[in-house]
1. Would you point out which residue out of ALA188, ALA192 is part of a strand (DSSP E or B), open to solvent by less than 30 Å² (accessible area, probe 1.4 Å), under 30 Å from ALA110 (Cα atoms) and not acidic (Asp, Glu)?
2. Return the pair list, or none, for Cβ contacts closer than 8 Å from residues in the stretch 207-220 that are under 14 Å from ALA192 (Cβ atoms) to residues that are of a type in the set (Phe, Trp, Tyr) and modelled with pLDDT of 95 or more, at least 6 apart or on different chains.
3. When you scan the stretch 168-181, do you find a residue that is among the aliphatic types (A, V, I, L, M) and surrounded by fewer than 18 Cβ atoms within 10 Å (Cβ to Cβ), even just one?
4. For the list (1) modelled with pLDDT under 90; (2) open to solvent by 70 Å² or more (accessible area, probe 1.4 Å), I need the number of the one condition that PRO242 fails.
5. Which of the numbered conditions does GLU152 fail, given that it passes all the others? Conditions: (1) out of contact with any strand residue (DSSP E or B) (no Cβ under 7 Å at 6 or more places or on another chain); (2) modelled with pLDDT under 95; (3) assigned to a loop (DSSP other than H, G, I, E, B).
6. I'm checking my understanding of the structure. Among residues of the stretch 209-239 that are at pLDDT 95 or above and polar (S, T, N, Q), which one is most open to solvent (accessible area, probe 1.4 Å)?
7. Which residues, counting only those in the stretch 44-55, are without any contact (Cβ under 8 Å) to a residue 60 or more places away in the chain and of a type in the set (A, V, I, L, M)?
8. What pairs can you find where one residue is in the stretch 168-197 and free of Cβ contacts under 8 Å to residues at least 40 places away in the same chain, the other is part of a loop (DSSP other than H, G, I, E, B) and surrounded by fewer than 21 Cβ atoms within 10 Å (Cβ to Cβ), and their Cβ atoms are less than 7 Å apart, with a gap of 6+ or different chains?
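The values are calculated or read from the model by the stated rules, or taken from the named source; none is laboratory data. Please read these numbers as outputs of a predicted model, since none were measured by experiment. Because the Cβ atoms are built from the backbone with ideal geometry, glycine has one as well, and the counts that use them run over all protein chains shown. For the accessible areas, the whole protein counts, side chains as well, though only heavy atoms, and no ligand, DNA or RNA atoms are used. Shrake-Rupley method; radii C 1.70, N 1.55, O 1.52, S 1.80 Å.
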Amino acid sequence: MTLLTAPIAASGPSAGTGLAPPQPRFAVVIPVYNHPHTVAAVVTEIRRRYHEGAVIVVDDGSTDDTACALANVAAADALLGYPCELIIVRQSKNGGKGRALWRGFQEALARGYTHAATIDADRQHDVTDLLAIIAAGRSRPDQLIIGDRRMESCDVPARSRTGAALSRFWLQILTGQDVPDSQCGLRAYPLAPVLRLKHRFFRFDFETETLTRLGWAGLTIYSVPIACIYFPGKQRVTHFRPLADT
């Protein structure tokens with residue numbers, strides 16, 4: 001297990017060799033902010049089932065017991081003996097989901113990974129679906145892979161359905177590509193083209209901006225059907241701000 005607290009030097013766009021590396025290497029990047037009750041289970045389940053790359057957790061300045069939960073996971077690391085490395089990165093203050101992802105992408109690239117699969121820390125994604133996303137990324141290494149939660153199959157609030165539909169519409173207008181679930185955080189990114197992008201937004205809007213800019217750059221965005229898991233009411237903890245982050 002590796003614990004990092006200081007920023008690493010950016011590897012820069014020259015670290016990538018192109019859009020289709022011959023042997024993709026995937027790290028799993030998990031951004032987390034104030035999810036102490038779920039992050040340990042997410043990390044442990046991924047490490048139990050995924051054995052081919054590092055798991056990089058970026059604690060984006062959590063102000064609750066998230067750091068303690070991650071410390072407990074790290075303390076048990078040697079006893080469990082999982083084959084993939086656990087890397088915990090701690091940001092001193094909250095910078096937004098986009099900055100946490102960017103930090104995780106830099107860390108992955110610096111360690112020789114060509115791709116990063118991302119999953120949220122709130123247990124609203126199934127690890128089986130994460131593995132399917134990685135498998136799709138291996139077969140399509142020059143594309144961005146994103147989950148499609150098929151919201152019609154579960155009880156999703158009307159506001160979320162409307163937001164997803166609007167995002168789908170505008171992304172198709174901007175890029176010419178139809179992405180059914182552009183808000184899904186379960187993705188597989190090819191790191192070289194992503195880290196070449198110039199972003200303006202670094203909170204939740206980072207993910208939509210990345211889709212748009214990669215579409216402008218000619219990258220194909222490929223959707224994979226996944227389970228729709230949507231916790232009701234107070235069971236769902238989100239830091240998404242509907243107006244500011246759209």
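1. On the way: ALA192 fails: part of a strand (DSSP E or B).
Among ALA188, ALA192, only ALA188 is part of a strand (DSSP E or B), open to solvent by less than 30 Å² (accessible area, probe 1.4 Å), under 30 Å from ALA110 (Cα atoms) and not acidic (Asp, Glu).
2. Within 8 Å, the pairs are THR210/TYR189.
3. Start the filter on the stretch 168-181 by keeping residues that are among the aliphatic types (A, V, I, L, M), which leaves 171, 173-174, 179.
Now restrict to residues that are surrounded by fewer than 18 Cβ atoms within 10 Å (Cβ to Cβ): 173-174.
Yes, some residue in the stretch 168-181 is among the aliphatic types (A, V, I, L, M) and surrounded by fewer than 18 Cβ atoms within 10 Å (Cβ to Cβ).
4. Of the numbered conditions (1) modelled with pLDDT under 90; (2) open to solvent by 70 Å² or more (accessible area, probe 1.4 Å), the odd one out for PRO242 is (2).
5. (3)
6. Going through the qualifying residues, I end up with THR220.
7. ALA54, VAL55
8. Cβ pairs passing all conditions: ARG168/PRO180; GLN172/ASP178.
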